[in-house]
Amino acid sequence: MVTAPAWFDWKKPDYVRTFKSRENRLRWLREDRPKRLPAAKAYYRTHIAQFITDWGVTTDPRNVDVDLPALIPFVLFPRQEEWIEWFFRRWKGRDPGMTEKSRESGLSWLAVATAASVCLLNDGVAVGFGSRKQEYVDQAGSPKSLLEKVRIFIEHLPSEFRGTWQRDRHGAQMKIIFPDSHSFIGGEIGDEIGRGDRTAFYFVDEAAFLEHPELVDSSLSQTTRCRIDISTPNGMANTFAQRRFSAEYDGTDRLFTFHWRDDPRKDEAWYRGECGKWSEQVIAQEIDINHAASVEGFVIPSAWIQAAIGADAKLGIECTGGGFAALDVADEGRDANSLAMRRGVKLINLQSWSGAGSTIFKTVKKVFGLLDEWGQDSFDYDADGLGAGVRGDAEQINEAREKEGILRVTDMPFRGSAAVYRPEGEMVAKRKNKDYFQNLKAQSWWALRLRFEKTYKWVVEGEACDPDEIIVIDPALPELTALTMELSQPTWEKNLAGKIVINKVPDGARSPNRGDSVMILYNPSTRHLALMAKLAS
């Protein structure tokens, strides 16, 4: 569903035209109010996103700096509409959920507008909002606070939808009453969150920053069946991060990720500007949603990854070369299988799926199907651990394919635990590979790091290099946001022997299966060359 008019441009918004459209819409509504208003309310009751776009407002004091009004129409963009649909699935399913977000993404306003609209258009709905401090929950006159946002949203609606609501009578401190629908929105602070009335749904804003989250968890478990946490990351030592990486949330519809790339107002220039203002850790955590950003020693900084997205278009180069694919095999529990494919240096395909309730044979069969779909007839795979079974299953499937006259698919094992590639060579100047890397996995992650670094230096700093030594990520890549988060997760350190060791899951994060498949895909060993020679013969 697209609620915004086709002519609306979020980067160059025409608010005058937007308000004019609303005037025309309101005039039409009032021409036959007894008939049209009930029909409109009935429609909006199940189309909350459209109601917000048609009538809602938001505020942005920074607009004054660029000669725009501080009070502006709330015209939703697609990812915001998806969030509302996601919220309704959670609410109607009486199920909790959580939203991890980049900073300044407007999620607080979106939650407020959604809650207020639901209360205006539905009878007897009770909603709760909580955050860690009073100033964030309700401070009269401050649009920073959640309930003041509610008041602003309601009082700027047409009277047809606002009804008999009045700020001074119905907008009391910490509780907003909707007299016509008998609904209400209440606010709570810190450890008191969840200790009030029972609610249909409850929003916990900046949930990763609660001082005593265990108390909130206990209270809300008795208050509502639909708790929605919204937060930027704050490291891993909090219940928000712990839930986010639990099997109950990760990879399920309970988790919604709102990345800065989902905001049509933001682009590469905006991102580079933010990188110039903040430290690498702040960018990783609050802009690129890296929950482990407080850990030092990123293998691949977030800014490098963002530079690689669409790098061919940025540099005016064409990516050519052979096709390669790589599989990271999941266990049968909470991790995911991930299959990645590149053409030359450009990552063009990525798909992940749960390993729960599956087998290695089923995984390999799915891989063969995807490779056929992608026009690829070979793949590398993680041969350590569970991946060791891929070869036998691949051979069984290939025998069946040959009987049906279908070409074989070549499988090539990658063992991250193996010794380094070219031990006497120097990937890092003046350091032999055998002396610098613990194993092939560490060497391969470092090789990927070097690709991203060269890409960043070329895209951002204008330092050109051999195009075959960079990495390009297709902007239309499925699961792009999840991949970028996973690629920036691993950290590195040196062991007692002075060799590079990779930690893929710092502080209890989930295994970066998508990132691992890309690491295998670009690993520096000769297996790709050997494969090409084999195919040529």
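What follows draws every value from the coordinates through simple rules; no lab data is involved. Quick caveat: nothing in here was measured; it's all calculated off a predicted structure. Cβ atoms come from the backbone with ideal geometry, glycine included; neighbour counts cover every protein chain shown.
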Per-residue ellipticity at 222 nm attributable to helices in the chain (runs of n ≥ 4 DSSP H, -39500 (n - 2.57) apiece, nearest 500 deg cm²/dmol) works out to -11500 deg cm²/dmol
The answer for the net charge of residues other than residue 457 whose Cβ lies under 12 angstrom from its Cβ, with Lys and Arg +1 and Asp and Glu -1, is -2
Of all DSSP beta bridges having both residues in the chain, the percent classed as antiparallel (nearest 5) is 45 percent
Listed by chain and number, the residues whose amide H is under 5 Å from that of residue 309, excluding neighbours fewer than 5 places away on the same chain and using placed H, are 473
Sorted by chain and then number, the residues having a modelled amide H within less than 5 Å of the amide H of residue 384, at least 5 places away or on another chain, are 416
Which residues qualify? For residue 412, with a placed amide H closer than 5 Å and at least 5 residues away or on another chain, they are 379, 380, 381
Labelled set (1) 37.3; (2) 28.8; (3) 25.9; mean projected area of the Cα convex hull in nm² computed from this model equals the value at (2)
Each label sits 7 Å from Cα toward the beta-carbon; between residue 464 and residue 358 the label points are separated, in nm, by 4.3 nm
In degrees, nearest 10, the alpha-carbon axis of helix 213-223 is tilted away from the dominant principal axis of the alpha carbons of the chain by 60 degrees
Rounded to the nearest 5, the percent of DSSP beta bridges in the range 76-262 running antiparallel is 15 percent
Relative to the chain, whose Cα atoms define the longest principal axis, helix 146-155 and its Cα axis are tilted in degrees, nearest 10, by 50 degrees
FRET efficiency (residue 22, residue 493; Cβ distance; R0 56 Å; to 0.05) is 0.45
A chain fully extended from residue 6 to residue 265 at 0.36 nm per residue, minus the present Cα-Cα distance, gains in nm 91.7 nm
Total charge of the residues flanking residue 131 in space, meaning their Cβ is under 10 Å from its Cβ, with Lys and Arg +1 and Asp and Glu -1, is -3
Applied in sequence order to the range 298-315, the curve 6.51 cos²θ - 1.76 cosθ + 1.60 (Karplus, θ = phi - 60°) yields integer Hz couplings, x standing for Gly and Pro, of 4, 5, 10, x, 4, 4, 5, 5, 4, 5, 7, 6, x, 5, 5, 5, 5, 8
Between residue 36 and residue 139, the FRET efficiency computed from the C-beta separation at R0 = 35 Å comes out, to the nearest 0.05, as 0.40
